[in-house]
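The structure under discussion appears below in the form of C-alpha cells.
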Amino acid sequence: MQYGRAVGSAVAVVGLRREFGGRRGQPVVTALKDVNLQIPEGEIHGLLGPNGAGKTTLCKILSTVLLPTRGSVEICGYDVESETAAVRRLIGIVFGGERGLYTRLTARGNLEFWASLYGLSGTQSQRRVGQLLERLGLDQRADTRVETFSRGMKQRLHLARGLIGDPRVLILDEPTTGMDPVAAQEFRTLVTSLQTEGRTILVTTHDMAEAEAICDRVTLIDHGSVLATERPSTLGRWITRYARVRASGLLPAQVAPVTAALSGLDGVATVHEVAEGTLLVDTAADGAAPAVMRLLLDLGITDVATTRPDLAEVYLRVIGNRGMRVDR
Amino acid sequence: MTLIIAPPTRLESALAYLNGLLAGSEREVRELRRSPDRLMALVTAPLLTLVFLAIMLQAGREDLAPFAVLAPALLVLWQMALQTSGDTVESERENGSLEALVVAPAPFPAVITGRIAAVTTVSMLGFVESWLVAALVFGVRVEIYHPWVFVGAVLATAYATAGSAMALAALFVRTRAARAFQNTLTYPFYILGGIIVPVSYLPDWLEPATRLVFLSWSSDLMRSSLDAGPVQGVALHLVMIVLLGTLGGVVGGVLVRRALAEVRQTGTIGHA
Ligand SMILES: Nc1ncnc2c1ncn2[C@@H]1O[C@H](COP(=O)(O)OP(=O)(O)OP(=O)(O)O)[C@@H](O)[C@H]1O
Ligand SMILES: [Mg+2]
C-alpha cells in the first residue's frame with residue numbers, strides 16, 4: 001500500500017530556516033537560512049556543498065529528526081511538523097558512515113528488527129528482508145554478525161535498512177563515503193534502479209562526479225543558503241570552464257615571461273604566483289585549460305596539473321559575471 | 001502508482017504501537033542472547049540469597065527465610081528493568097541508531113516498553129534461583145502458602161516494573177547525565193520498596209513515601225503469601241501495584257514523548 005497525497009512535489013521546502021543553540025548563553029548558529037527547494041516525484045536530486053553547508057541539517061528536517069525553526073516542509077504533501085506520523089511512513093533515511101547498525105546482530109537480524117518497526121509480519125518480513133539482502137549483494141553474509149563486515153558492506157546494509165519500509169522518498173546522507181570506487185559505482189547503479197521504481201531520492205555528497213553520474217538535478221548549498229539548482233551537466237560545464245591549472249618547478253627567471261605568455265591566452269582569467277616557482281592559472285572559458293597546458297608544455301614546463309575548482313567558488317564567479325549580488 | 005490519500009487512522013496508530021512492542025521485545029531477547037553480561041544481576045542474585053540466608057540461619061531465625069529469598073529476586077527485577085530502560089536510550093545513542101529509531105513508524109515509547117517487558121519476563125528467573133539456592137544449599141524449603149496470591153503479586157509486580165521503568169526512560173532521553181542516576185536510583189527504591197527490610201520496620205515518617213512506591217505493596221503482598229496465616233487486603237494490594245505501575249507507565253510515556261519533541265527542537269538527540 002502506498003500513502004501520500006497526489007501532489008506534484010515529493011519534497012517541498014519553502015522559506016526554511018533552522019537555528020541551533022541560543023540556550024544558556026550559547027551562540028546561535030544558523031545552519032539553514034531561507035531555503036527553498038522543490039523536488040518532483042521520481043527525481044534523483046543531489047545536495048552538494050562543502051562541510052558545514054547545512055546538508056545534514058536539511059536531511060534531518062526532511063526526515064522529522066529535527067524541527068524547522070521557520071518555514072514549511074512537506075513530503076508528498078504532508079507537513080513534517082503537523083503530520084509527522086504520515087511523513088515517517090513515506091520516508092527512508094540512510095545516514096552515512098559506519099555507525100547506526102547493531103553490530104552484534106547479523107545482517108538479517110538487523111533488517112528483521114527494522115521490518116517489525118515498519119509493521120511487516122513474519123512472512124512479509126522474511127520476504128522483504130530476503131529480497132533486500134539479495135538486491136544489495138549481502139545474501140552470502142546474511143547470517144554473520146555485522147561487526148565482521150567491511151565498511152562497504154555496512155553501507156549497503158544501511159541502504160537496505162533505509163528501504164525496509166518501501167519508502168517513496170529516500171534520503172541518503174553521504175551514502176558512499178568509505179566505499180571503494182567499484183562499490184560506489186555499484187551503489188550508483190542501484191540508486192538509479194530505485195528511481196525506476198518511482199521513488200524520489202535526495203542524496204547529499206561532496207563529490208561532483210557522483211552528482212553528475214546519478215542526479216537529475218543538483219542543488220548547490222553553502223553556508224545554509226541554496227546557491228543554485230541546476231542540471232549536473234550545467235554544473236559540469238561550469239567546472240570545466242573554470243578549471244584551474246597549477247604549474248610548478250619554474251625557475252625564477254621563467255616566472256615573469258611565462259606569466260606574461262599565459263595572461264595573453266584567450267580565456268585565462270588570472271595568473272598568480274602562489275609559491276616560489278608555482279603558478280596558479282584560473283580560466284574562464286571552455287577549452288582554455290587545455291590551451292594553457294599546451295603552452296606550458298611548449299615552454300618546457302612539465303610539472304603541470306589541473307584541479308577542479310570548488311563548486312561554490314565557481315558559482316560565485318558565474319553569478320559575479322552575471323552581475324548579480326549574492327547574499328551570503 | 002495508487003495513492004491512498006489518508007493520514008494514519010486510530011487503528012493504524014494502535015497497530016504501530018503493537019509493532020513497536022513486539023519489535024522491542026524481540027530485540028531485547030536477541031540482545032540478551034548475544035550479550036549475556038546484561039544478565040549479570042541474575043548471576044549475583046543467588047549469591048545475595050546465599051549471604052542473606054546464611055546470616056539469618058546463623059542468627060537462628062529460619063522464620064525470616066522468606067525475606068532472604070524474596071529480596072534478591074525483587075532486586076533483580078528492578079535492577080534489570082532499570083538497566084534496560086537506561087540502555088535502550090543510551091546504547092542507541094552511542095550506536096548512532098537513535099535518530100533512525102525515533103523516526104521509525106512504530107512509536108519509540110512502545111519499543112522501550114517492549115524491551116522492558118521482555119527483560120522483566122526473563123528476570124523472573126531470579127525467583128526460581130532464589131528458591132533453588134535456599135533448597136539446594138541450605139535445605140530450606142520456603143513454602144508458598146497462598147500460591148494464587150503469590151502468582152498474582154508477581155504478575156502485577158512485573159507489570160508495574162515495566163511501567164515505572166518507562167518513567168525513568170524519559171530522564172535518559174533528555175540527558176545523558178541521567179545514566180549516572182541509574183545506579184543511584186536503585187537504592188532508594190530498594191529501601192522505600194521494602195525489598196530488603198519490610199517498610200513497617202522503617203521510621204514512621206517514611207511510611208507515606210513508601211506507599212507511593214509500588215514495590216512496597218509488592219513486597220508486602222509477596223511476603224504475606226509466604227505466610228501460613230490468612231492474607232489481608234489482597235485486592236487492595238493488587239490494585240495499588242497495578243495502579244502505581246500504570247501511573248508510572250502513562251506518565252513515563254508522556255514524558256518520553258515530550259522529551260523526544262524537545263530534542264527535535266534543540267537538535268540534541270544524537271548527542272548529550
Ligand atoms: N545539533 C547541532 N547543534 C549545534 N549546531 C549544529 C548542530 N547540527 C549542525 N550544527 C551546525 O550547523 C551547520 C551545518 O551543519 P551540517 O551538519 O548540516 O553540515 P553538512 O553540510 O552536513 O556538513 P558535512 O559535509 O560536514 O557533513 C554547522 O555549522 C554545524 O556546526
Ligand atoms: Mg553532513
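With the checklist (1) on the phi < 0 side of the Ramachandran plot; (2) buried (at least 17 other Cβ atoms within 10 Å of the Cβ); (3) within 14 Å of another protein chain (Cβ to nearest Cβ); (4) within 12 Å of ligand 1 (Cβ to nearest atom) in hand, flag the one item A:Pro68 doesn't pass.
Just one mismatch for A:Pro68, condition (4).
Only one of (1) touching a helix residue (DSSP H, G or I) at 6+ places or on another chain (Cβ under 9 Å); (2) surrounded by 22 or more Cβ atoms within 10 Å (Cβ to Cβ); (3) closer than 25 Å to A:Val35 by Cα; (4) not hydrophobic (A, V, I, L, M, F, W, C) is not met by A:Glu174, so which one is it?
It fails just one condition, (2).
Being in contact with an Asp or Glu (Cβ under 6 Å, 6 or more places away or on another chain), at pLDDT 95 or above, more than 8 Å from chain B (Cβ to nearest Cβ) and on the phi < 0 side of the Ramachandran plot is true for just one of A:Ile75, A:Ile44, A:Ile61, A:Ile39. Which residue is that?
From the options A:Ile75, A:Ile44, A:Ile61, A:Ile39, the qualifying one is A:Ile44.
Condition check: surrounded by fewer than 24 Cβ atoms within 10 Å (Cβ to Cβ), under 30 Å from B:Leu22 (Cα atoms), away from ligand 2 (no atom under 16 Å from the Cβ) and more than 15 Å from the chain's Cα centre (by Cα). Does A:Glu41 satisfy that?
So A:Glu41 does not fit the description; no.
Might you check whether a residue that is under 21 Å from A:Met208 (Cα atoms) and away from ligand 1 (no atom under 12 Å from the Cβ) occurs anywhere in segment A:13-30?
no
If we keep just the residues of segment A:192-206 that are under 25 Å from A:Ala53 (Cβ atoms) and in a loop (DSSP other than H, G, I, E, B), which is farthest from the other protein chains (Cβ to nearest Cβ)?
If we take residues in segment A:192-206 being under 25 Å from A:Ala53 (Cβ atoms) and in a loop (DSSP other than H, G, I, E, B), then A:His206 is farthest from the other protein chains (Cβ to nearest Cβ).
Hey, can you tell me all the residues within segment A:114-139 that are more than 14 Å from chain B (Cβ to nearest Cβ) and surrounded by fewer than 13 Cβ atoms within 10 Å (Cβ to Cβ)?
A:Thr123, A:Arg127
Out of (1) within 16 Å of ligand 1 (Cβ to nearest atom); (2) in contact (Cβ under 8 Å) with a residue 40 or more places away in the chain, what's the single condition that is false for A:Val146?
If we test A:Val146 against (1) within 16 Å of ligand 1 (Cβ to nearest atom); (2) in contact (Cβ under 8 Å) with a residue 40 or more places away in the chain, just (1) comes out false.
If I ask for residues that are under 28 Å from A:Ala86 (Cα atoms) and either among the charged types (D, E, K, R) or modelled with pLDDT of 95 or more (or both), which ones from segment A:173-187 would you list?
A:Asp173, A:Glu174, listed by residue number.
Can you list the helices (runs of 4 or more DSSP H) found entirely within segment A:83-175 that contain at least 1 residues being in contact with a strand residue (DSSP E or B) (Cβ under 8 Å, 6 or more places away or on another chain) and over 21 Å from A:Arg188 (Cβ atoms)?
The qualifying helices (runs of 4 or more DSSP H) are A:84-90.
Within segment B:200-224, work out how many residues are without any contact (Cβ under 8 Å) to a residue 60 or more places away in the chain and surrounded by fewer than 24 Cβ atoms within 10 Å (Cβ to Cβ).
Result for segment B:200-224: 15.
Which of the numbered conditions does A:Glu212 fail, given that it passes all the others? Conditions: (1) within 14 Å of another protein chain (Cβ to nearest Cβ); (2) surrounded by fewer than 21 Cβ atoms within 10 Å (Cβ to Cβ); (3) acidic (Asp, Glu).
Failed condition: (1).
Please state which one of A:Thr219, A:Thr189 is away from ligand 2 (no atom under 16 Å from the Cβ), more than 14 Å from chain B (Cβ to nearest Cβ) and not in a loop (DSSP other than H, G, I, E, B). Steps first, please.
Numbers: A:Thr219 fails: away from ligand 2 (no atom under 16 Å from the Cβ).
One residue alone meets the criteria, A:Thr189.
Of the residues B:Phe150, B:Phe172, only one is assigned to a helix (DSSP H, G or I) and under 24 Å from B:Ala65 (Cβ atoms); which?
After applying the criteria, what remains is B:Phe150.
Go through (1) farther than 20 Å from B:Ala106 by Cβ; (2) more than 13 Å from ligand 2 (Cβ to nearest atom) one by one and return the number of the condition A:Leu90 breaks.
For A:Leu90, the failing item is (1).
If you go through segment A:187-199 one residue at a time, do you hit one that is in contact with a strand residue (DSSP E or B) (Cβ under 7 Å, 6 or more places away or on another chain), away from ligand 1 (no atom under 16 Å from the Cβ), β-branched (Val, Ile, Thr) and under 23 Å from A:Leu16 (Cα atoms)?
Within segment A:187-199, none of the residues are in contact with a strand residue (DSSP E or B) (Cβ under 7 Å, 6 or more places away or on another chain), away from ligand 1 (no atom under 16 Å from the Cβ), β-branched (Val, Ile, Thr) and under 23 Å from A:Leu16 (Cα atoms).
Test A:Ala53 against the criterion of being buried (at least 21 other Cβ atoms within 10 Å of the Cβ), among the small types (Gly, Ala, Ser), at pLDDT below 95 and within 10 Å of ligand 1 (Cβ to nearest atom), and give yes or no.
Judged against the criteria, A:Ala53 is a match.
Select from segment A:84-113 the residues that are under 25 Å from B:Tyr17 (Cβ atoms) and surrounded by fewer than 19 Cβ atoms within 10 Å (Cβ to Cβ) and write down the one among them that is farthest from the other protein chains (Cβ to nearest Cβ).
Among them, the one singled out is A:Thr84.
The values are calculated or read from the model by the stated rules, or taken from the named source; none is laboratory data. Note that the structure is a prediction, hence the values are computed from the model and not measured. FYI the Cβ positions are ideal-geometry reconstructions off the backbone, even for glycines, and counts take in every protein chain you see.
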